[in-house]
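A quick write-up on the structure given underneath.
The values are calculated or read from the model by the stated rules, or taken from the named source; none is laboratory data. None of these values were measured; they are calculated from a predicted model. Here the Cβ positions follow ideal geometry from the backbone for every residue, glycine too, while neighbour counts run over all protein chains shown. Remember, those area values only see protein heavy atoms, side chains included, never the ligands or the DNA or RNA. Shrake-Rupley method; radii C 1.70, N 1.55, O 1.52, S 1.80 Å.
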Amino acid sequence: MHSLAVINQKGGVGKTTTAVNLGHALALRGHRVMLVDLDPQGHLSPCLGLFRAPANGVDRTLLHDQALEEVAVATRELLQLVPAGNGLGEVERLQGGVERARLLQTALQRACPDVDYLIFDCPPSAGLLVMNALLAVDRVLVPVAGDFLSLTGLARLMRTLGKVEALRARPLQREIFLSRYVARRRLSREVCEKIRQHFPRQLLQTAISEAAVLAECAGAGRTIFEYRARSRSAAEFAALAEELLEREVNCHEQQETCDVA
């Protein structure tokens, strides 16, 4: 199983949009996908057509040791959703030591879901829920909007990831992509170039363009592949999924080469 957290401490960069459409793109390729809503706002549910979100979700896993599969909801073929749940916000108020940050990791070790991809939609913060994700997943996917504040937020996030790695048994694979990108804007192009200069290995080639259709399909409770399958946005999310799959294969091959050496 591959686990991935969609994360950025800045809001409004398209984390939920990314999680929903990337997850469906992978499912359409025949992969079993489970989306997990780690944001107490619970936006994943309406984006997938559940406008009355279930009362129970990942909060039951973190607070009451219930397996993710027990609170998962089938939404599309090969695509499951674990909602946030009404009690998810309580996790941030838990008292105790470092064990609070390993609740998700412990839950996955105890009962790992039988899926190919486990994707977490994280809140725009650096709190306990985000720390749980960072200690549990194999890789992080960071959407960055083409503006100056997103660029400064990225630098702060990368420092946070560096500190978290000291608590992990293995390095955290990092991937960055441009979201809400407008190629004709000079600022967007400058932000892209800055990221390429500082994080050349982490920056993905695929960018997701700013498009009203992405907001429309979220409001309709449908993914971009259901709402406007022939749109540029659908093509871009399909390309994003393909690039992530290719990088995954390359990373595995490099690891095997290192092990042999």
Inset, instruction - Please calculate how many Å² of accessible area the chain carries per residue, with a 1.4 Å probe and no DNA, RNA or ligand atoms counted. - result: 48
Legend entry - In region 4-105, GluC sites (Glu not before Pro) in a DSSP loop with at most 13 other beta-carbon atoms within 10 Å: GLU77
Legend entry - Antiparallel content of DSSP bridges confined to the chain, in %, to 5: 10
Legend entry - For ALA145, residues with placed amide H under 5 Å, excluding near neighbours: SER179
Inset, instruction - Would you mind calculating the relative contact order of the chain from Cα pairs under 8 angstrom and at least 6 residues apart, reporting the percent as a whole number? - result: 25
Legend entry - Answer label for volume of the Cα convex hull per residue in Å³ (calculated), chosen among [x] 145; [y] 125; [z] 113: [y]
Inset, instruction - Collect residues whose amide H, placed 1.01 Å from N in the peptide plane, falls under 5 Å from the amide H of SER209; neighbours closer than 5 in sequence don't count. - result: TYR181
Legend entry - Under-5 Å amide H pairs with HIS2, H placed in peptide plane, nonlocal only: TYR117, LEU118
Legend entry - Accessible surface of the chain, 1.4 Å probe, proportion on carbon and sulfur as whole %: 49
